[in-house]
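What follows draws every value from the coordinates through simple rules; no lab data is involved. Keep in mind it's a predicted model, so treat the numbers as computed, not measured. Ideal geometry is used to build each Cβ from the backbone, glycine not excepted, and the neighbour counts take in all protein chains shown.
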Amino acid sequence: MSIRRKEIGLAIVGCGTVGRIRAELARAYPGVGWIGLCDLKTDIGRKLEKDVSADFFTTDYKELLTRPEVTATIIATDENFHFDPTMLAAKQGHDLFIEKPLATDARQSAMILAAIEAAGIDAVVGYTQRFRRRFLAVKEKLKTGQIGEVHSVVTRAFMNRMVPIATTRRTQDRATLTPMVVSGTHSLDMSMWLMEGKTPKSVFAQSTDVCLGGIGTKDSTFGVWTMTDGTIWSMSISWALPEVWPGAVYGIEIGIVGTEGVIDIEDTHRDLVMATNVVQGGGYVPDGYVAPARHVDFLTSYPPGDLHDGQLWGPMREETNAWYQRIHTGQRTPHATAADGHRNLLMTMAMDLSAKRGQPVELPVDPEELMRELA
Ligand SMILES: NC(=O)c1ccc[n+]([C@@H]2O[C@H](COP(=O)([O-])OP(=O)(O)OC[C@H]3O[C@@H](n4cnc5c(N)ncnc54)[C@H](O)[C@@H]3O)[C@@H](O)[C@H]2O)c1
């Protein structure tokens with residue numbers, strides 16, 4: 001069997017936390033040649049350019065994405081700013097990696113998916129948790145029918161409120177920066193991936209905003225989905241846990257019940273606890289924000305992975321390197337597709353719409369209708 005080797009000319013738009021991680025791994029990946037970077041903030045971009053010995057830096061994504069060296073693009077801008085660079089990269093025919101959510105406007109998300117499909121390019125979305133060994137093991141058991149036909153699923157996500165504080169500080173445009181759209185999307189993607197083949201039919205959800213309403217978002221959204229085959233699925237998230245909660249970022253539990261068995265996933269990170277007099281930092285801490293002292297930490301609760309010797313180890317490393325393998329050699333990988341990303345956005349917004357109306361919402365739901373009522 002001959003394996004193709006296509007040298008990658010890589011553009012990264014957005015040099016913040018995640019853009020930096022992916023750029024550092026690109027520099028260490030043998031199939032990546034030319035690297036170009038873009039960020040609106042010159043200081044952040046120039047620092048990364050120096051740290052990874054990038055070949056090019058600009059503050060204008062158009063200048064980067066139209067360079068002849070570029071064959072692949074990573075969109076790592078903040079949630080509200082994926083649309084413009086993604087559309088241009090699709091037009092240029094690049095292999096694409098887009099951070100979640102695909103967009104924060106359902107109409108823009110539909111346009112991105114249509115542009116990707118029209119261009120016939122390979123595009124994936126950053127649902128990093130798919131690259132964890134435990135979830136891959138569960139996926140394999142489900143795929144090979146080890147618990148029979150799945151009929152009941154329950155998903156619960158708990159998050160430290162430092163994430164919504166950091167997310168809402170980045171923009172005044174917060175109408176769709178809800179717990180489901182920004183963060184619940186990870187556990188929704190995981191649940192839908194594990195339930196592959198099932199089609200959502202309707203959802204009834206409720207939300208509360210007693211803690212975080214003041215910063216323009218909600219605390220929690222709990223919903224019950226029905227699938228076209230009758231499967232019921234409870235999907236709930238709260239991202240309003242206090243800053244002192246030992247989970248630095250994210251913890252989930254998923255129970256999957258089938259006709260022949262059950263799989264019960266405990267992924268709260270309570271199996272690795274550190275308590276210390278030394279104050280611990282947060283997972284995502286915005287500039288100028290002083291969090292209350294945390295003395296207890298569930299280690300490994302930072303979703304991208306963990307630092308050792310100045311390097312990140314864990315799912316985001318696996319996910320990023322697997323993408324470089326995918327586009328360098330054509331290897332199969334479990335990345336979420338752009339169609340998965342679009343579906344996830346519509347489902348998270350359908351939960352917000354149901355909560356807003358106080359009524360069940362039937363799917364499929366029209367992106368125009370979602371934005372008219374939610375934005
Ligand atoms: N997969 C995961 O586990 C995971 C984890 C964290 C964040 N994310 C996602 O990754 C994305 C980036 O998050 P982050 O934490 O790195 O944010 P960040 O704020 O650290 O970085 C975003 C950068 O994009 C830049 N930017 C914004 N608009 C731009 C534009 N038009 N042109 C050039 N640069 C622009 C900003 O200046 C900033 O430096 C978000 O979509 C986020 O939801 C994914």
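So here's what we get for this one:
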item: Kirkwood Rh (inverse of mean 1/r, distinct Cα pairs), the range 219-375, angstrom; result: 19.2
item: Per-residue [θ]222 nm for the chain (sum of -39500 (n - 2.57) over DSSP H runs n ≥ 4, rounded to 500); result: -10000 deg cm²/dmol
item: For the chain, the fraction of alpha-carbon pairs in successive 20 Å shells from zero, as %; result: 28, 61, 11
item: Residue order, fewest to most surrounding Cβ atoms within 10 angstrom, among T59, T168; result: T59, T168
item: Relative contact order (%) - criterion: Cα under 8 Å, at least six apart; region: the range 132-303; result: 30
item: Fraction of beta bridges assigned by DSSP in the chain that are antiparallel (%, nearest 5); result: 60
item: Within straight-line cross-link reach of K218, lysines at Cα separation under 17 Å, skipping those fewer than 8 residues along the same chain; result: K356
item: Förster radius 30 Å - calculated FRET efficiency between E253 and D287 (Cβ-Cβ, nearest 0.05); result: 0.35
item: Counting all C-alpha pairs of the range 100-223, share separated by more than 24 Å (%); result: 41
item: Shape metrics for the range 132-303, restricted to C-alpha atoms - Rg then Dmax, Å; result: 17.3, 53
item: Which of C15, C38 has the fewest Cβ neighbours within 10 Å, and the rest in rising order; result: C38, C15
item: Contact order normalised by residue count of the chain, Cα under 8 Å, 6+ apart, percent; result: 19
item: Label point distance in nm, V244-L272, each placed 7 Å from Cα along Cα→Cβ; result: 2.5
item: Burial order of peptide ranges 156-167, 356-367 (average beta-carbon count within 10 Å, highest first); result: 156-167, 356-367
